[in-house]
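**Q** Here's a structure for you.
The values are calculated or read from the model by the stated rules, or taken from the named source; none is laboratory data. The structure presented is a predicted model; accordingly, all values stated were derived computationally and were not measured. Using ideal geometry, Cβ is built from the backbone for each residue, glycine included, and neighbour counts are taken over all protein chains shown.
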Amino acid sequence: MALQPLAGVRIVEFSTSIAGPSSTMILAQLGADVIKVESPEGDDARAWPPHVGDRSIVFRQMCAGKRGIVLDLKQPEAVALALEITDTAAVVLQTMRPGVTDRIGIGEATVRARNPEVIYVDMNAFGAGPTGRDMPGYDPMVQAFSGIMAMTGHDGAPPTRCAPSLIDLGTGQWLAMGILAAVMAKSRGQSVQRLETALVDTAFSVVSYQATAALMDGARPPRAGSGNPIAAPYQCYQASDGEFLLAAANERLWQRVLTVLDAPALGRDPRFASAVERSHHRAALEHELNARFAHASVDDWIKRLSDAGVPATRVYGLEEAVVSEVARERRSFQDCDGVPHVRLPWLVDGEPLPSPAPAPTLGQHTRAVLREVGVSEARIEAALASGAARES
């Protein structure tokens, strides 16, 4: 089903990599006309492996549904063309370091002087204050700064990055929601001029309740391993032939685990007498449970626990998950230019959104977009000849 609430809304994107582009990828699939402005070298993500054909899978995913143009913003004529494009925009998104857009001539004040109704969206890493403005921002750096790496992994292991680009993708989702909210507010007569967010804002939102506790008591959250420090048993356990995850986060489920294990003595152990005590003694509980789970296979324990109504699953590799029956039932992938893309996580009236157009080649739509905003053919040819603009 075509869900197009942003049809007719033009978004001009000065953004690279994942965080900003993932937000406008979502909005493009909701009908926005997203014009991605790239440098002559192209978005960094174009070079990231693996590639299918001439395009990175990361770039294909993050830039599906957009139109792409190339402007060399080091040249005055390219800046002039960029401003003529932003004159037609409802939203301008930029993710350069604080101060860069002002220096090159596409900052908020300049854009707004020409287009007073524009929603100017500014994304950075650590904010534009005197401390944060000069701090470089990449997903793992923000994970390291925000405590996420220190609380991820097992005791005794080095700091561990959450493998997906959690902060980048989370920021993209927050940006998309913010832009949707701002466009909706404008449509209802509310004055919205500027949105600003930082990668570190997303990081703190991800660890929100741990952050509140750390601020109040000054203590570092414990390493969680495969579990969660607020519940137990709620982690991976070792069977005779591998690991499986057991999630028994309340008293009812804990009693069912005891029944499956035929282990009433564990239930009488004061260390495990309540959810709070089990959380405080997670290591001891893990030792006791592993000793019992070692006597049967993963499949055997999953069946016994599932039959008793206790959530349990084997630990799958991604290569297994993507070909699972769940992925098939959920129609998790859709074809985009011959490449299976993960769809947006909605079904609308039972159907996924239509497949987006493929990510643009470098400069694919330069000429068409410049024509649309009223640039003359002679000026387009001159810009292409000088390198201020480029096309594929």
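**Q** Between Thr24, Thr95, which is touching a residue at least 40 places away in the same chain (Cβ under 8 Å), more than 25 Å from Pro352 (Cβ to Cβ), in the same structural domain as Leu353 (by TED's automatic domain parsing) and β-branched (Val, Ile, Thr)?
**A** Thr95
**Q** Check off (1) crowded, with 19+ Cβ neighbours inside 10 Å; (2) out of contact with any Asp or Glu (no Cβ under 7 Å at 6 or more places or on another chain); (3) within 25 Å of Pro356 (Cβ to Cβ) for Leu81 and give me the number that stays unchecked.
**A** Evaluating Leu81 over (1) crowded, with 19+ Cβ neighbours inside 10 Å; (2) out of contact with any Asp or Glu (no Cβ under 7 Å at 6 or more places or on another chain); (3) within 25 Å of Pro356 (Cβ to Cβ) leaves (3) as the failure.
**Q** Return the pair list, or none, for Cβ contacts closer than 9 Å from residues in the stretch 360-374 that are assigned by TED's automatic domain parsing to the domain that holds Met62 to residues that are buried (at least 21 other Cβ atoms within 10 Å of the Cβ) and part of a loop (DSSP other than H, G, I, E, B), at least 6 apart or on different chains.
**A** Pairs found: Pro360/Cys63; Pro360/Lys66; Leu362/Asp43; His365/Lys66.
**Q** Kindly provide the set of residues from the stretch 257-300 that are aromatic (Phe, Trp, Tyr) and in contact with a strand residue (DSSP E or B) (Cβ under 8 Å, 6 or more places away or on another chain), ordered by number. Working first, answer last.
**A** Going through the stretch 257-300, the residues aromatic (Phe, Trp, Tyr) turn out to be 272, 293.
Correct list: Phe293 only.
**Q** Picking from Ala312, Ala327, Ala308, which residue would you name as being without any contact (Cβ under 8 Å) to a residue 60 or more places away in the chain, touching a helix residue (DSSP H, G or I) at 6+ places or on another chain (Cβ under 6 Å) and outside the structural domain of Val34 (by TED's automatic domain parsing)?
**A** Result of the check over Ala312, Ala327, Ala308: Ala308.
**Q** So the check is Cβ under 8 Å with 6+ separation or different chains; which pairs have a first residue in the stretch 28-51 that's free of Cβ contacts under 8 Å to residues at least 40 places away in the same chain and closer than 23 Å to Leu73 by Cα and a second one that's in a loop (DSSP other than H, G, I, E, B) and small (Gly, Ala, Ser)?
**A** Asp33/Gly8; Val34/Gly65; Asp43/Ser17; Asp44/Ser17; Ala45/Ser17
Conditions tested, residue by residue: (1) assigned to a helix (DSSP H, G or I); (2) loosely packed, with under 15 Cβ neighbours inside 10 Å; (3) over 24 Å from the mean Cα position of the chain (by Cα).
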{"site": "Ala113", "(1), (2), (3)": "yes, yes, yes"}
{"site": "Asp122", "(1), (2), (3)": "no, no, no"}
{"site": "Gly127", "(1), (2), (3)": "no, no, no"}
{"site": "Arg161", "(1), (2), (3)": "no, no, no"}
{"site": "Trp174", "(1), (2), (3)": "yes, no, no"}
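**Q** So which residues in the stretch 278-304 are under 19 Å from Ala231 (Cβ atoms) and of a type in the set (A, V, I, L, M), if there are any at all?
**A** Once the filter is applied, which keeps residues that are under 19 Å from Ala231 (Cβ atoms) and of a type in the set (A, V, I, L, M), the stretch 278-304 yields Ala283, Ala284, Leu285, Leu289.
**Q** Sticking with this one: How many residues does the stretch 78-106 hold that are in contact with a helix residue (DSSP H, G or I) (Cβ under 6 Å, 6 or more places away or on another chain) and over 24 Å from Ser22 (Cα atoms)?
**A** So the answer is 1.
**Q** Restricting to the stretch 41-56, give me the number of residues that are under 23 Å from Val121 (Cα atoms) and either out of contact with any Leu (no Cβ under 6 Å at 6 or more places or on another chain) or aromatic (Phe, Trp, Tyr) (or both).
**A** Final tally of qualifying residues: 3.
**Q** Here is a check on your reading of the model: is Gly153 out of contact with any Asp or Glu (no Cβ under 8 Å at 6 or more places or on another chain) and on the phi > 0 side of the Ramachandran plot?
**A** For Gly153, the condition - out of contact with any Asp or Glu (no Cβ under 8 Å at 6 or more places or on another chain) and on the phi > 0 side of the Ramachandran plot - is met.
**Q** A further question follows. Can you tell me which residues in the stretch 128-139 are at pLDDT below 95, under 19 Å from Trp174 (Cα atoms) and in contact with a helix residue (DSSP H, G or I) (Cβ under 9 Å, 6 or more places away or on another chain)?
**A** Scanning the stretch 128-139 gives Gly137, Tyr138.
**Q** So, one more: Which one is farthest from Ser15 (Cα to Cα) among residues in the stretch 177-231 that are charged (D, E, K, R) and surrounded by 14 or more Cβ atoms within 10 Å (Cβ to Cβ)?
**A** Arg223
**Q** Please work out which residue is surrounded by the most Cβ atoms within 10 Å (Cβ to Cβ), limiting yourself to the stretch 14-44 and to residues that are closer than 15 Å to Thr361 by Cβ and β-branched (Val, Ile, Thr).
**A** Ile35
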